[in-house]
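Here is the structure we will look at.
A short reminder: the numbers here are calculations on the coordinates, not readings from a lab. Keep in mind that what you see is a predicted model, and the values were worked out from it rather than measured. Glycine also receives a Cβ, built like all others from the backbone with ideal geometry; neighbour counts cover every protein chain displayed.
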Amino acid sequence: MTPEDKELLDAHVKAIAKILYKNTPSEKIETFEGIETAVRNQVLEHVSPKIAFFLSEKRLEQQRGKHGQ
């Protein structure tokens with residue numbers, strides 16, 4: 001990963017973190033365990049599916065390109 005991509009990724013991760021924090025009830029982030037659980041749940045519910053969908057679409061595009069479709 002290029003330094004520019006790392007910087008861009010960091011900026012986007014910080015933006016995502018702000019959104020997830022804003023949408024997490026304050027009582028769920030009072031302890032380290034609560035923070036860990038809240039982060040894991042938010043990532044599993046909102047972030048991972050989007051990344052998986054994006055990666056699977058990219059893979060299909062690559063396969064189509066190899067087969068001339």
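Could you give the angle, 0 to 90 degrees to the nearest 10, between helix 3-22's Cα long axis and the longest principal axis of the Cα atoms of the chain? In the chain, helix 3-22 runs at an angle near 40 degrees to the longest axis.
Which of the GluC sites (Glu not before Pro) across segment 13-69 are loop residues per DSSP, with 16 or fewer other Cβ within 10 Å? Passing both the DSSP loop test and the Cβ count: 30.
Between helix 48-66 and the chain there is an angle of about 10 degrees, using the helix long axis and the longest principal axis of the Cα atoms. Against the main long axis of the alpha-carbon atoms of the chain, helix 32-42 sits at an angle near 40°.
Run a plain Debye calculation on the chain (Cα atoms as equal point scatterers, no solvent) and give log10 I(q)/I(0) at q = 0.16, 0.25 Å⁻¹, rounded to two decimals, same order as the q list. Values returned for q = 0.16, 0.25 Å⁻¹ are -0.73, -1.08.
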